[in-house]
Amino acid sequence: MRITRRQFIKLLAEGAAALSALKLVSLIPSPSPTAILRPPGAVKEEYFNRLCVRCGICLEVCPTKAILLSDFNDGIEAVDTPKIDPTVGPCEFFRGRCEEVMRCSKFCPTEALQLADKEKVKIGTVELNPDKCLAYIGKECVVCDEMCPVPEAITITSDLLPIFHDEKCVGCGLCVYYCPAEPKALTLRPDGAKRA
C-alpha cells in the first residue's frame, strides 16, 4: 500500500498531537500511580512531575549511576523522570561521594531536587524477604549490616540474623546493592520517604 502525501501529513500531525497530549498530561500535578523511589531532596510527588523538565543532569552527575529514568511502568506522567535503582548502584548521600553535597540536588536546574540536610533525607525503607536471605536459610552472611552506613538501622541477633529497623533506615540502598543473594533478599521501597 502506498501512502499519499496528504495521508503522510495527516499521520505526522496526529503523531505530533499525541506527543503534545502526553507532555500536557505529565504537567498535571498528581501523584504517580506507582510509588517511585526518588533521588534525595525530591519535592513531594504531586509537584515533582510539574517541576522536573527531564533534562537528565541528575543521571549524569550521579557517581554510582543509581539514578535511572522512569518508564511507562511507573505511570505516564512520570516517564523520563529520575528514580533510584539500588540494584544498579547505591545512593551515597549519607556516606560516600555525595556525603558533602548531594550532586543530583545541587545541579537540578528546576529544584525538583533540592539540597537538604542529610539527616532529614529518607529515600525509603528496606524490606527483607527471609525466604531469600542467606542468613535466614542457614548460611552465614551479615553483608547488609557490614555495609550499612547508619548506626543501628540493622542489628544482628545472637543467631546472626539481620533485623531491619525502619525508623532508622534512610533508604540509601547500600545493603540492597551489596546483598549477595540471588535473587536479592532486600527490596528498597519508598515507604516512609521524606520529601523536601
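The values are calculated or read from the model by the stated rules, or taken from the named source; none is laboratory data. All figures in this text were calculated on a predicted structure; none of them were measured in a lab. Positions of Cβ are backbone-derived with ideal geometry, glycine not excepted, and every protein chain shown enters the neighbour counts.
Just a few scattered comments:
- Filter pass, F164 being surrounded by fewer than 16 Cβ atoms within 10 Å (Cβ to Cβ) and aromatic (F, W, Y): no
- Every test in (1) surrounded by 22 or more Cβ atoms within 10 Å (Cβ to Cβ); (2) without any contact (Cβ under 8 Å) to a residue 24 or more places away in the chain is passed by C98 save one, and that test is (2).
- For the range 114-125, the criterion of being surrounded by 19 or more Cβ atoms within 10 Å (Cβ to Cβ), small (G, A, S) and more than 17 Å from G173 (Cα to Cα) is met by no residue.
- Filter result for E119 (without any contact (Cβ under 8 Å) to a residue 24 or more places away in the chain and part of a helix (DSSP H, G or I)): yes
- Annotation note: of K132, K139, the sole residue that is basic (K, R), in a loop (DSSP other than H, G, I, E, B) and surrounded by 14 or more Cβ atoms within 10 Å (Cβ to Cβ) is K132.
- Residue tally, condition in a loop (DSSP other than H, G, I, E, B) and either touching a helix residue (DSSP H, G or I) at 6+ places or on another chain (Cβ under 9 Å) or buried (at least 23 other Cβ atoms within 10 Å of the Cβ) (or both), over the range 101-113: 7
- Of all residues assigned to the range 117-140, none qualifies as being modelled with pLDDT under 95, β-branched (V, I, T), out of contact with any Gly (no Cβ under 7 Å at 6 or more places or on another chain) and more than 30 Å from S158 (Cα to Cα).
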